[in-house]
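Since the structure comes first, as structure tokens, the remarks are kept for the end.
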Amino acid sequence: MSFPGTGLIWMNGKLVEWKDATIHIASHVVHYGSGVFEGARCYATPKGSAVFRLDEHMVRLVNSAKIYRMEYPLDLNGWRDAVLETVRANKMKACYIRPLVYRGYDTLGVNPFPNPVNAAIMVWEWGAYLGADALEQGTDVKVSSWSRLAPNTLPAMAKATANYANSQLIKMEALADGYSEGIALDVYGNVSEGSGQNIFMVRDNVIYTPPLSASVLGGITRDSIVTLARDLGYTVTETNIPREALYIADECFFTGTAAEVTPIRSIDKIKIGSGKRGPVTAALQSAFFAVVNGDVPDTHGWLTYVYADEAHLRDRAQASATKA
Ligand code: PPE
């Protein structure tokens, strides 16, 4: 994926041309990784374009900023409106959405406080993260020699730009060794997550994923898959997973906004299950894509329609009626 280089980017409340959306090299974020961000997706549904779990993404953004003591003058409604405005301004049908809150330009030195807190929202078309083939055939990955963030070093629950230095080490090692992605363990040796995805395994029809205490990001796709799996009657358990449990699992898969639901067919050159997308993964993939593409009723109230507020309100009302 490379950028088309056109379109409008939201910067501190103004929509500016792609080429003009620049910041100064002395900005704090460039030197010290002082930024937090989000990644959400807007899908084209039969009722119009809809952002998947917009509110949950914006809550996580606000919480990431809170952890890093960044104050930005937008509340949840403000963020929601800004994202929708940016998607609309770019007339996007389906896109990836990247809001970013960062420390800007005033003074260098580790102390971030003198610098202004700025924000931007970019949208662009981003296809299948690990390739369209991977969604069907599965992908080949390795366990990384890099561990995920240790507790009390960098906060894994914050989606901070700084965390992605660790992600890049994991990803580069995997690519250099001929794999598409790496799975990092936590510092205790339990399975944590991919460089930009949560991980699940299936054994004897039970679904397992590591808990938040295993240094994982609280993925919104992860939460959606747990919910959809339970809707389908599966037992889902959040528990520490030893590395070798992955090797002998029936199925493994990644989840993430960018990666969506990607089957894993081998780990460290060990075939997982049949070495193909397994039936549970396939069922969850179908359930996930049916919801995001608007092919089934939005019973959880996960879709925010971009261009037609009526459809959005109707679906919300339906969801709360179903829950009640
Ligand atoms: N763990 C990490 C480390 C992570 O970066 C992501 C998302 C997830 C788990 C899954 O979270 P969620 O998207 O809420 O289900 N990674 C984002 C950025 C990927 C990138 O390359 O940039 C994403 O998927 O949008």
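Laboratory data are not the source of any read-out in this text; all were calculated from the coordinates shown. Values in this document were obtained by computation on a predicted structure and should not be read as measured data. We place every Cβ from the backbone using ideal geometry, glycine too, and count neighbours over all the protein chains shown.
Counting only residues that are within 16 Å of the ligand (Cβ to nearest atom) and not aliphatic (A, V, I, L, M), which one in the stretch 87-97 is nearest to Ala258 (Cα to Cα)? Once the filter is applied, the top-ranked residue is Tyr96.
I'd like to check something: does the stretch 42-50 contain any residue that is of a type in the set (Lys, Arg) and surrounded by 16 or more Cβ atoms within 10 Å (Cβ to Cβ)?
Start the filter on the stretch 42-50 by keeping residues that are of a type in the set (Lys, Arg), which leaves 47.
Add one more test, that the residue is surrounded by 16 or more Cβ atoms within 10 Å (Cβ to Cβ), and what stays is 47.
Yes.
For Ala156, are the conditions met, namely being more than 10 Å from the ligand (Cβ to nearest atom), of a type in the set (Gly, Ala, Ser) and within 29 Å of Asp55 (Cα to Cα)? No: the conditions fail for Ala156.
Here is a check on your reading of the model: is Asn115 surrounded by 17 or more Cβ atoms within 10 Å (Cβ to Cβ), outside any helix (DSSP H, G or I) and away from the ligand (no atom under 16 Å from the Cβ)? Yes; evaluated as a whole, the condition is true for this residue. The residue of the stretch 180-211 that is farthest from Asp140 (Cα to Cα), among those that are in contact (Cβ under 8 Å) with a residue 60 or more places away in the chain and either away from the ligand (no atom under 14 Å from the Cβ) or surrounded by fewer than 23 Cβ atoms within 10 Å (Cβ to Cβ) (or both), is Asn205. I'd like to know if the stretch 240-258 contains one or more residues that are surrounded by fewer than 23 Cβ atoms within 10 Å (Cβ to Cβ), touching a residue at least 60 places away in the same chain (Cβ under 8 Å) and of a type in the set (A, V, I, L, M, F, W, C). Yes.
When the residues of the stretch 42-58 are narrowed to those that are within 11 Å of the ligand (Cβ to nearest atom) and not in a strand (DSSP E or B), which ends up nearest to Val83 (Cα to Cα)? First the steps, then the outcome.
The first filter runs over the stretch 42-58 and keeps only residues within 11 Å of the ligand (Cβ to nearest atom), leaving 52-53, 56-57.
Next, from what is left, pick out any that are not in a strand (DSSP E or B): 53, 56-57.
Values: Arg53: 12, Glu56: 13, His57: 11 Å.
Among those that are within 11 Å of the ligand (Cβ to nearest atom) and not in a strand (DSSP E or B), it is His57.
I'd like to verify a number: residues in the stretch 227-265 that are assigned to a loop (DSSP other than H, G, I, E, B) and more than 16 Å from the ligand (Cβ to nearest atom), how many?
Step one: filter the stretch 227-265 for residues assigned to a loop (DSSP other than H, G, I, E, B), giving 232-235, 239-241, 248-250, 257-259.
Restricting the remaining residues to those that are more than 16 Å from the ligand (Cβ to nearest atom) gives 232-235, 239-240, 248-250.
Of the residues in the stretch 227-265, 9 are assigned to a loop (DSSP other than H, G, I, E, B) and more than 16 Å from the ligand (Cβ to nearest atom).
Taking the stretch 266-307 as the range and being part of a helix (DSSP H, G or I), out of contact with any strand residue (DSSP E or B) (no Cβ under 8 Å at 6 or more places or on another chain), without any contact (Cβ under 8 Å) to a residue 40 or more places away in the chain and under 30 Å from Ala82 (Cα atoms) as the test, only Ala290 passes. Going through the stretch 19-41 one residue at a time, which ones are surrounded by 16 or more Cβ atoms within 10 Å (Cβ to Cβ) and either on the phi > 0 side of the Ramachandran plot or in a helix (DSSP H, G or I) (or both)? Residues satisfying the conditions are His28, Val29, Val30, Tyr32, Gly33.
Taken as a whole, the structure places Asn163 among residues that are within 14 Å of the ligand (Cβ to nearest atom) and farther than 15 Å from Thr255 by Cβ.
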